[in-house]
Amino acid sequence: MYKRVFLTVLDSLGAGAAPDAADYGDAGSGTLDALLESGLLRCPHLRQAGLFSLPTLRNPLTGGTQGSRAVLREKSRGKDTTTGHWELAGLVSAHAFPTFPDGFPEALLEAFSAAVGRGVLCNRPYSGTEVIRDYGEEHMRTGKYIVYTSADSVFQVAAHEDVVPVETLYRDCRTARSLLQGENAVGRVIARPFAGAPGSFYRTAGRHDFSLEPPGRTLLDAVAEAGMQVTGIGKIGDIFANRSLTVSHPTKSNDDGVERLLSCMEQDFTGLCFLNLVDFDMLYGHRNDVKGFAGALEAFDKRLPEILKLLGDDGMLIITADHGCDPGYLKHTDHTREYIPMIALGKKVKPVNLGTRAGFCDIAATVTELLGVPYQTPGRSFAAELV
């Protein structure tokens, strides 16, 4: 039994196309493959941990004997953040969240406009940076919200901070969340504040996600109900509607997230610290920026020795992902349906190859067993094989 588990999600770091990738328009994708094949990666600590020797990679590297490793195939339908994290936490989604490739229904937008007192611009799938470039000036002139979506199940609302105060934007996104139910129940409503002048608009750090509440009992619920601490860092509070979190720390960047993680590790507590590092996905994967993605992974690699030093004898670090977002995949810039990696590190961890597993939910089963917490999930624990 362990006292502390640090579950770290490197957002969108897929480990090779899943067998059903073609069903999602993602045949041939591979996030880690693209990074390795670029020749830009310099990540000696992650390589030693086994991240680059996973069997689902196109050309796995040799070595990697420090940590236990596995790849996990998603049971849920979908390839989005909410679905991936919920399955990591033990919930399998039988149905994908609805998407709106032709925009949202007019009746829904009329109800939203009436409730918040503002009109709507765009209502199409759009790149987040391009939509403020194309609609930002009209938004500033009219005060109308920029509402857009993507290939994911999201209702995104962009507003200039000089036109709509951030807290007002958040309030109106909560209103949208209350309206987006039933057949329109998207996984996330996302507030997207931006700033700057026409021709040089930029998104600010005030992004906030409003997710559906998980429909069943999660890993977080189980640990909290056992009287243990549950700390969420980054998007975790948003993804789980802040349910069962003892402490929640939103972050501004990957570096900020790592600093929050290190601060948490320095505390004496029993339970779970759940961290999401979103820059990989938000800044690089969706922008087909292989160099930037590689640089971000290198930056995390450099901090890994600090993290491991603070684990102690009673802590385990599990590094994983929630889906792919192949920065080298030129067919689209959306998430990709991929296997995810699982790397377990700690002083008591045996360096074993756990092969290919049949569900992200195996992580929830494993974490609860490591902490000695009862929890029912479709996942199959590999705790006994780790230690």
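The values are calculated or read from the model by the stated rules, or taken from the named source; none is laboratory data. This structure is a prediction, so every number in the text was calculated from the model and none was measured. Note that we place each Cβ from the backbone using ideal geometry, even for glycine, and neighbour counts take in every protein chain shown. Quick note on the areas: whole protein, heavy atoms, side chains included, nothing else; ligands and nucleic acids left out. Shrake-Rupley method; radii C 1.70, N 1.55, O 1.52, S 1.80 Å.
Using a probe of 1.4 Å, the accessible surface attributed to SER248 totals some 50 Å² when neighbouring protein chains are kept in position. Relative contact order for the chain: 30 percent, from Cα pairs under 8 Å spaced at least 6 residues apart, divided by residue count. For the range 208-276, applying the loop criterion from DSSP together with a ceiling of 13 other beta carbons within 10 Å to the GluC sites (Glu not before Pro) yields GLU266. Beta bridges per DSSP, both residues in the chain: antiparallel share near 35 percent. Surface composition of the chain: carbon and sulfur make up 49 percent of the accessible area, probe 1.4 Å. Ligands, DNA and RNA are left out, and with a 1.4 angstrom probe the accessible area of the chain is 38 Å² per residue. Using every pair of separate Cα atoms, the Kirkwood estimate puts the hydrodynamic radius of the range 204-244 at 11.1 angstrom.
Rounded to the nearest 20 debye, the dipole magnitude of the range 231-327 is 200 debye, with +1 charges on Lys and Arg beta carbons, -1 on Asp and Glu beta carbons, and the Cα centre as origin.
From the P(r) of the range 150-302, can you give the percent of Cα pairs sitting at distances over 26 Å? Of all Cα-Cα distances in the range 150-302, 36 percent exceed 26 Å.
Maximal additional length on extending the ARG124-GLU137 stretch stands at 3.0 nm, based on 0.36 nm per residue less the C-alpha distance.
Trypsin sites (Lys or Arg not before Pro), restricted to the range 307-387: which are DSSP loop and have at most 16 other Cβ atoms within 10 Å?
In loop regions of the range 307-387 (DSSP not H, G, I, E or B), the sparsely surrounded trypsin sites (Lys or Arg not before Pro) are LYS331, LYS347, LYS348, ARG380.
Only the Cβ atoms of Lys and Arg (+1) and of Asp and Glu (-1) were treated as charged; on that basis the dipole of the chain about its Cα centre amounts to roughly 600 debye. Can you give the log10 of the normalised intensity I(q)/I(0) at q = 0.12, 0.18, 0.24 Å⁻¹, computed with Debye over equal Cα scatterers of the range 138-238? Taking Cα atoms of the range 138-238 as identical point scatterers yields -0.49, -0.90, -1.27.
Take the cross-link list LYS3/LYS252; LYS75/LYS302; LYS252/LYS309; LYS79/LYS252; LYS144/LYS252 and give me the ones stretching past 30 Å between alpha-carbons.
LYS75/LYS302
Only helical runs count toward this figure. For the chain, summing -39,500 (n - 2.57) over DSSP H runs of n ≥ 4 and dividing by all residues gives -9000 deg cm²/dmol at 222 nm. All Cα-Cα distances of the chain, cut into 10 Å bins from zero to the largest, leave 5, 25, 34, 24, 10, 2, 0 percent in each bin in turn.
The C-alpha atoms of the range 1-131 occupy a region whose extents along the principal axes are 59, 40, 26 Å, arranged from largest to smallest.
For the range 246-387, the gyration tensor built on C-alpha atoms gives an oblate shape. Its axis ratio a/c (a ≥ b ≥ c) is at least 1.5, and a/b is not larger than b/c.
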